[in-house]
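Report on the structure given below.
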Amino acid sequence: MAARSLWAVQRLQRLLASGLVSENRGWLHPFSTATQRTAGEDCSSEDPPDVLGPSLAEQALRLKAVKLEKEVQDLTLRYQRAVADCENIRRRTQRCVEDAKIFGIQSFCKDLVEVADILEKTAECFSEGTKPDDHKLTLEKVFQGLSLLEAKLKSVFAKHGLEKMTPIGDKYDPHEHELICHMPAGVGVQPGTVALVRQDGYKLHGRTIRLARVEVAVESQRRL
């Protein structure tokens, strides 16, 4: 019992020392706001001041900024590489287009060289050393050469899609024919059709590259 009384007296002394008990106002509630603020102020006054430094939020923002800056640098580098690759592709494509324009008819020219060889051999028949008695033989060789030349040309044209138009009897078409003049329609010739071809026309893979110069038949006017 005495020990308990001594403990109560010591507790009261501590409360008096801390200001929790006042002679005029009596006991204060140990959990009141004033008590907590006083105790907090006492504790804060006794604690040593903290060293000021960046908060966790600031540190997180700094790390995020560094990460974003690195991503921007990586994207910039990738963009520069992509632009360089596109420029290289554009230059190669332009070079290929220019080569196609220059060498696109290489196969056709190669076939025409063979035609030129035939023509050259045919022209050799008229050399200065030809004797008058050999004219008949010369003309035969020339005829054979020209026949071979014509056959070779037809073969080359067919190989490369070049077609000669034969519009006689066809209806006049301004997209394929160039009208030179009109002529009276004869027997078996319908008005408005091609009666005579002055110059052959040609198509390349179905597209007209030279109009045929033609004369078109018209109905003859009757005299009253």
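Okay, here's what the table says:
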quantity	calculated
Förster radius 30 Å - calculated FRET efficiency between A151 and E178, Cβ distance, rounded to 0.05	0.60
Estimated distance in nm for a label pair at D117 and R78, the labels positioned 7 Å out from Cα along Cα-to-Cβ	5.9
Radius 12 Å from Cβ of A65, net charge of other residues (Lys, Arg +1; Asp, Glu -1)	+1
Net charge of Cβ neighbours under 15 Å - reference G192; Lys, Arg +1; Asp, Glu -1	-4
Distance in nm between pseudo-label sites at S55 and Q199 (7 Å out along the Cβ direction from Cα)	9.2
Cα centre as origin, Lys/Arg/Asp/Glu Cβ charges: the range 76-224 dipole, Debye	780
Links that overshoot a 24 Å alpha carbon limit, given the list K101/K152; K121/K154; K136/K164; K110/K136; K154/K203; K121/K203	K101/K152; K136/K164; K110/K136; K121/K203
Compactness relative to 2.2 N^0.38 Å, alpha carbon Rg of the range 55-127	2.81
Extension gain, E69 back to N88 (0.36 nm per residue minus Cα-Cα distance, nm)	4.0 nm
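Laboratory data are not the source of any read-out in this text; all were calculated from the coordinates shown. Being a predicted model, the structure only gives us computed values, none of them experimental. Methodologically, a virtual Cβ is constructed for each residue, glycine included, from the backbone with ideal geometry; neighbour enumeration extends over all protein chains shown.
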